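Computed from the coordinates by the stated procedures, all read-outs in this text should not be read as laboratory data. This is a predicted model, so every value here is computed, not measured. Neighbour counts run over all protein chains shown; Cβ positions are idealised from the backbone, glycine included.
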Amino acid sequence: MSPAVTIEFVPFDAAAKPAQGAAEGAPSVLVAFAGDDLALSATTREFLGSAVGRYERAAAAANFKGKNGSAVDILAPEALGFDRLLVMGTGRAAKKDAVEDTLPDHAGLGGALMGRLGRGVRATVMFDLPDPPADPSAAAAELALGIELRAYRFDVYRTKKKDEGERDGPVHVTIAVADPAAARTAREKRAGLAEGVALARSLVNEPPNVLYPESFAERAKELAKLDVEVEVLDDEAMRKLGMGALLGVGQGSDRPSRLVVMRWDGANGQGDKKPVAFVGKGVTFDTGGISIKPAAGMEDMKGDMAGAACVVGLMHALAARKAKVNAIGAIGLVENMPGGKAQRPGDIVKSMSGQTIEIINTDAEGRLVLADVLWYIQDKYKPAFMVDLATLTGAIMVALGQEHAGLFSNNDELADRLIKAGKETGEKVWRLPLGPAYDKLIDSKFADMKNTGGRHGGSITAAQFLQRFVNKVPWAHLDIAGTGMGSLANDINQSWGSGWGVRLLDRLVADNYEER
Ligand code: BES
Ligand code: MN
Ligand code: ZN
């Protein structure tokens, strides 16, 4: 995939003329920022010179109030040397920064900016906010990240242009900042993050005839180019390990199942230090199995591997920036199909842990997959913690909508760290309870447990089920059915598959688990 956008940092005095070279011949745009009082910073005013008057007239005529996300987009006066002048409102973003110590939403500002720019342009951004951020270099790097995230498109399967009138072509963005070297350093810390998110999004967006357990495993293997060690277990290997819960889900499909374990050893002393572990549900298509789903919207179940996609995108991000941490990413890949060999309601399967499970509903398959993967990872790698991600229950959308992912954890410190990273990245999580009274709801008449808990608290009983496969290790479960796919479009994401969780977990690692 050739990048849709290239970004570089330059000092303010180098911004006077549109950048040559990249995207040459494309229309040039000068981008400036105004606060909610319409004020431009002194540097920007000076830079714009006589164009300030034109901007002020246009702002008045367009009733532009400098609100965050709004903009005036005008033909630049000849003397400016650019074709367009785009003034973006920062209103609230600037205010928020003044109040809170954490990074404000500069990624969102970059995303909104990218949305206004469109394709096939050369932009020069005067990153000189009317309300200067505490750390301008980090803010500039976040702006760049937002631009990249917004530029993502999934159009590999389009043979025709959607809109003939739309300008196309790559975008080149030159960001003028006070300290370009510091901005570059800040950006290096985010190297590969936009790529990791894009990778996760694309995996979710891919159709299920293209992305199935084997082909997904092949895509994960490509991480080897970043020195991630990738191991793939097939049905036979999993049978030997006793993974009856995972294999039971896959047995109705003609496509064999896979378990992929990715390892990034970035800590000093490499493999010595306990790894952190991420586990993803990778149901490449969920028909429901014999407990088949209704037809309406079933196509969305190609996204039932968003947890696994996030884990692959995260491993990409960690390896690309050479994170000083040992990390394991494990994904259980199956296709849940009805068929002559499919498992039935009433079947009893034996998990790798030795515990038996009565299948009540074959559509509660994600927890069966995760049960074996969680057990395998904690047993084999003795991780410092495990975080799993899964599009596990429709019930989580009833509870939280699409704004927060559900968080369940046996460890307050890990939960609090996830909540904090969520606030910092905008990938928010909301903690829900676990407890023995809920756990009782999955006791079975015939086996150690059953795979559904009845009508009430569906997301909680699903989490209780997972917890039965977690021993003493700190663990958190993120139910991303509402956030990982079918996402609401926002400033930094217009894609159906959102890549949710890559930035959250990258931040969790960076804030808490990396050597300095
Ligand atoms: N993959 C689904 C959950 C889901 C639903 C994800 C909608 C994204 C959007 C999961 O495997 C499932 O079918 N869960 C059932 C559980 C029930 C049978 C206990 C559900 O939520 O209805
Ligand atoms: Mn299901
Ligand atoms: Zn599912």
The answer for I7, listing residues at least 5 apart or on another chain whose modeled amide H is closer than 5 Å to its amide H, is V173
What one gets for region 108-202 as the Kirkwood radius, inverse of mean 1/r over different Cα pairs in Å, is 14.5
Zone of E222's modelled label, taken as backbone nitrogen in region 244-288 under 18 Å from a point 7 Å along Cα→Cβ = 260-263, 284
Between M397 and K322, how many nm apart are label points set 7 Å from Cα along the C-beta direction?
-> 4.3
Can you check what the Kirkwood hydrodynamic radius comes to for region 274-429, Cα pairs only, in Å to one decimal?
-> 16.9
Per the 1/(1 + (r/R0)^6) rule, R0 = 45 Å and r from the Cβ atoms of A16 and N268, FRET efficiency to 0.05 is 0.50
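Just subtract the alpha-carbon distance of N490 and K445 from 0.36 nm times their residue separation and send over the number in nm, one decimal. Mind showing how you got there, number by number?
Working: separation 45, 0.36 × 45 = 16.20 nm, distance 4.68 nm.
Full extension of this stretch gives 11.5 nm more.
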Once Lys and Arg get +1 and Asp and Glu get -1 on their Cβ, which of A476, T461, F446 lies farthest toward the positive end of the dipole of region 443-496?
-> F446
How large is the helix-only mean residue ellipticity at 222 nm for the chain, computed as the sum of -39500 (n - 2.57) over DSSP H runs with n ≥ 4, divided by its residue count, in deg cm²/dmol to the nearest 500?
-> -10000 deg cm²/dmol
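Compute the Kirkwood hydrodynamic radius of the chain, taking the inverse of the mean of 1/r over all pairs of distinct Cα atoms, and give it in Å to one decimal. Intermediate values should be presented prior to the final figure.
Working: mean 1/r = 0.0416 Å⁻¹.
After inverting the mean inverse Cα-Cα distance, the result is 24.0 Å.
Suppose a student asked you for the relative contact order of the chain, using Cα pairs under 8 Å spaced at least 6 residues apart; what percent would you report?
On the way: 1221 pairs, mean separation 78.5, N = 516.
Reported relative contact order: 15 percent.
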Dividing the mean separation of Cα pairs under 8 Å (6+ apart) by the residue count of region 367-455 yields a relative contact order in percent of 21
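For K67 and E413, calculate 0.36 nm times their separation in residues minus their Cα-Cα distance, and state this gained length in nm to one decimal.
Details: separation 346, 0.36 × 346 = 124.56 nm, distance 3.73 nm.
Length gained between K67 and E413: 120.8 nm.
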Extended-chain gain in nm, criterion 0.36 nm per residue less alpha-carbon gap, D168 and R153 = 4.2 nm
Nitroxide proxy distance, nm - points 7 Å out along Cα→Cβ at E56 and A437 = 6.5
Packing-based exposure ordering (other Cβ within 10 Å, fewest first) of T44, T185 = T185, T44
